[in-house]
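Peer 1: Can you keep this structure in mind? I'll have questions shortly.
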Amino acid sequence: MDPLGQEAMATVKVEYRAGLELDFGTRDATVPIEPGVTVLALAHSLKDKDGNTALIEGNIIRAGILVLINDCDIEIEDGVNTVVKAGDVVTFLSSIHGG
Amino acid sequence: MPCAICNGKAAIKYASDGRLLCKPCFFQTFEDAVLHTIEADSLFTPGQRVAIGVSGGKDSSVLTHVLFVLNERHSLGLDLHMVAIDEGIRGYRDDSLACVYRMQERYSLPLVVKSFKGLFGASLDDMDARRTTETPLCSECGVLRRNALLVGSREAQADIMALGHNADDAAEAVILNLMRADTARLGRGTKALTGGADIPRAKPMHRCTQRDIVMYAHLQRLDYFATECTYAPRALRNVPRAILGAAGGVIQGVPLKVMQVGEVLSRRLDTGTRPGLCERCGGMASGRVCQACLVVEAEGKRAREG
């Protein structure tokens, strides 16, 4: 974190949906980001209500979790290496939770 | 990246074939794929009463929405009803049923709810409490739910059921039946229409992948209840699910490929025998008595023995 608090102003809105809201105990969160952070790095920093990195398995995003930035599938961009910018809405969807 | 259909800005990767589509073209393509299954497999005819099996989960919520939209847009002439099953699973079904009631309000469709307790004398939680082993009740629950859906559809006087099974479900079933060497059921889950001996069961989304269904539900902002059944961590289905999940990141459209294998194998292995009707309840049965009646009999015996 920047000691002067300038970079700390940069945030993204994170949406937990399709079952993940139960793991994280919330539907929406405002998360501070470092400049140039990727989706993968952001996912690593997000802890569920038990303190686990629930979006990560074996250093990658868990199979069956879909990610959108501003309602756009990250597979259209650079996948998990897509850079997240201040003000983005990052949505994590679980396709693992039951139908 | 341009949309593969309209050249607008692409937003979604359509998992079924890998095309990049904009949001409106994704919706249209998804709905057209369901319409194509309905037409190609002659699932419905105009004037039919269709009982949609709804759970409040994403699959049946998307199915209800798409059937509702297609029925209006293409004048399919379907009389849509909803049937929901309350297995009696605390902390799971009670919440998802609340979602079913909200769907009923949104689409103004008639709803029939049948409970395990009412039909079989015990909820799933009751049956689980009587268990002395760790064996999950998922197979029994599946058999009873199938039977309860039949009873509910009869009560709704439906001509046919519409169920939200997707390509991932079908692929899981193929792998599961392969592991059990259950050759008779190998291709059953891959068919869009089954059970001609009783009220037929149509699966209009049987070629839709889970990924596309989750995307569709999210982008349409559909109201659905997404959580794991409290018994799911013990389910045998987790084995094929993990295999498909691991392969999904590497092979494009893996559920559809596994389904294809199931279809080919089932044709080769087809013995020509067709299920008859259960002599107790009139449901589908491969023997004289159907699986549901056998499960109910076994559970009744367990209850009497305390």
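Peer 1: Those residues that are surrounded by 14 or more Cβ atoms within 10 Å (Cβ to Cβ) and either among the small types (Gly, Ala, Ser) or not in a helix (DSSP H, G or I) (or both), I need them from segment B:250-275; list them, please.
Peer 2: The answer is B:Gly253, B:Gly262, B:Ser266, B:Pro275.
Peer 1: Please identify the pairs in which a residue from segment B:283-306 that is loosely packed, with under 13 Cβ neighbours inside 10 Å has its Cβ atom under 8 Å from the Cβ atom of a residue that is at pLDDT 80 or above and among the acidic types (Asp, Glu), counting only partners at least 6 apart or on another chain.
Peer 2: B:Arg288/B:Glu279
Peer 1: Right, next: Residue check: is B:Pro204 within 12 Å of the chain's Cα centre (by Cα) and either over 21 Å from B:Gln252 (Cα atoms) or among the hydroxyl-bearing types (Ser, Thr, Tyr) (or both)?
Peer 2: For B:Pro204, the condition - within 12 Å of the chain's Cα centre (by Cα) and either over 21 Å from B:Gln252 (Cα atoms) or among the hydroxyl-bearing types (Ser, Thr, Tyr) (or both) - is met.
Peer 1: Oh, and also: From (1) within 11 Å of another protein chain (Cβ to nearest Cβ); (2) within 22 Å of the chain's Cα centre (by Cα); (3) surrounded by fewer than 24 Cβ atoms within 10 Å (Cβ to Cβ), pick out the condition that doesn't hold for B:Ser61.
Peer 2: B:Ser61 satisfies all of (1) within 11 Å of another protein chain (Cβ to nearest Cβ); (2) within 22 Å of the chain's Cα centre (by Cα); (3) surrounded by fewer than 24 Cβ atoms within 10 Å (Cβ to Cβ) except (3).
Peer 1: So, one more: Whether any residue in segment A:45-55 is part of a strand (DSSP E or B) and either facing chain B (nearest Cβ under 10 Å) or touching a strand residue (DSSP E or B) at 6+ places or on another chain (Cβ under 7 Å) (or both) is what I want to check.
Peer 2: No, segment A:45-55 contains no residue that is part of a strand (DSSP E or B) and either facing chain B (nearest Cβ under 10 Å) or touching a strand residue (DSSP E or B) at 6+ places or on another chain (Cβ under 7 Å) (or both).
Peer 1: Still on this structure, I have one more. Considering only residues that are closer than 17 Å to B:Gly53 by Cα, aliphatic (A, V, I, L, M) and not in a helix (DSSP H, G or I), which ones fall in segment B:83-131?
Peer 2: Selection gives B:Val83, B:Ala84, B:Ile85, B:Leu109, B:Leu111, B:Val112, B:Val113.
Peer 1: So which residues in segment B:20-53 are within 18 Å of B:Pro200 (Cβ to Cβ) and in contact with a Gly (Cβ under 9 Å, 6 or more places away or on another chain), if there are any at all?
Peer 2: Of everything in segment B:20-53, those that are within 18 Å of B:Pro200 (Cβ to Cβ) and in contact with a Gly (Cβ under 9 Å, 6 or more places away or on another chain) turn out to be B:Phe44, B:Thr45, B:Pro46, B:Gly47, B:Gln48, B:Ala51, B:Ile52, B:Gly53.
Here's the yes/no breakdown for (1) at pLDDT 95 or above; (2) among the polar types (S, T, N, Q); (3) out of contact with any Ser or Thr (no Cβ under 7 Å at 6 or more places or on another chain):
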site: B:Val66; (1), (2), (3): yes, no, yes
site: B:Val69; (1), (2), (3): yes, no, yes
site: B:His74; (1), (2), (3): yes, no, yes
site: B:Leu80; (1), (2), (3): yes, no, yes
site: B:Val83; (1), (2), (3): yes, no, no
site: B:Gly88; (1), (2), (3): no, no, no
site: B:Gly91; (1), (2), (3): no, no, no
site: B:Ser96; (1), (2), (3): no, yes, no
site: B:Tyr107; (1), (2), (3): yes, no, no
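Peer 1: Within segment B:28-37, can one find any residue that is among the hydroxyl-bearing types (Ser, Thr, Tyr) and more than 10 Å from chain A (Cβ to nearest Cβ)?
Peer 2: Looking through segment B:28-37, at least one residue is among the hydroxyl-bearing types (Ser, Thr, Tyr) and more than 10 Å from chain A (Cβ to nearest Cβ).
Peer 1: Right, another one. Suppose we keep only residues that are in a helix (DSSP H, G or I) and in contact with a strand residue (DSSP E or B) (Cβ under 7 Å, 6 or more places away or on another chain) within segment B:135-161. Which one would you say is nearest to the other protein chains (Cβ to nearest Cβ)?
Peer 2: B:Arg145
Peer 1: Mind listing just one residue for me: the one in segment B:167-211 that is more than 20 Å from B:Ala33 (Cβ to Cβ) and basic (Lys, Arg) and, of those, modelled with the highest pLDDT?
Peer 2: Ranking the qualifying residues of segment B:167-211, first place goes to B:Arg180.
Peer 1: For segment B:212-229, which positions are touching a strand residue (DSSP E or B) at 6+ places or on another chain (Cβ under 8 Å), modelled with pLDDT of 90 or more and assigned to a loop (DSSP other than H, G, I, E, B)?
Peer 2: Across segment B:212-229, there are no qualifying residues.
Peer 1: Here's a follow-up. Quick one: in segment A:56-89, which of the residues that are within 13 Å of chain B (Cβ to nearest Cβ), β-branched (Val, Ile, Thr) and in contact (Cβ under 8 Å) with a residue 24 or more places away in the chain is farthest from A:Gly19 (Cα to Cα)?
Peer 2: It comes out as A:Thr82.
Peer 1: If you don't mind, another one. Determine whether B:Arg267 is at pLDDT below 90 and either polar (S, T, N, Q) or within 28 Å of B:Thr45 (Cα to Cα) (or both).
Peer 2: Yes: the conditions hold for B:Arg267.
Peer 1: Which ones in segment B:1-23 are at the interface with another protein chain (Cβ under 7 Å from one of its Cβ atoms) and surrounded by fewer than 16 Cβ atoms within 10 Å (Cβ to Cβ)?
Peer 2: Scanning segment B:1-23 gives a single hit, B:Met1.
Peer 1: Here are the criteria: (1) in a helix (DSSP H, G or I); (2) small (Gly, Ala, Ser); (3) modelled with pLDDT of 95 or more. Tell me which single one B:Gly164 does not satisfy.
Peer 2: Here B:Gly164 meets the rest and fails (1).
Peer 1: Restricting to segment A:21-44, name every residue that is assigned to a loop (DSSP other than H, G, I, E, B) and either among the β-branched types (Val, Ile, Thr) or under 17 Å from A:Leu66 (Cβ atoms) (or both).
Peer 2: Listed by number, the residues that qualify are A:Thr26, A:Arg27, A:Ile33, A:Val37.
Peer 1: Starting from residues that are of a type in the set (Val, Ile, Thr) and surrounded by fewer than 16 Cβ atoms within 10 Å (Cβ to Cβ), keep the ones in segment B:183-238 and report whichever is farthest from the other protein chains (Cβ to nearest Cβ).
Peer 2: Here the answer is B:Thr183.
Peer 1: The conditions are (1) touching a helix residue (DSSP H, G or I) at 6+ places or on another chain (Cβ under 6 Å); (2) assigned to a loop (DSSP other than H, G, I, E, B), and A:Lys85 fails exactly one of them. Which is it?
Peer 2: Unmet for A:Lys85, out of (1) touching a helix residue (DSSP H, G or I) at 6+ places or on another chain (Cβ under 6 Å); (2) assigned to a loop (DSSP other than H, G, I, E, B): (1).
The values are calculated or read from the model by the stated rules, or taken from the named source; none is laboratory data. Predicted model only: the values in this text are computed from it and were never measured. Quick reminder, even Gly has a Cβ in these numbers, built from the backbone with ideal geometry, and neighbours come from all protein chains shown.
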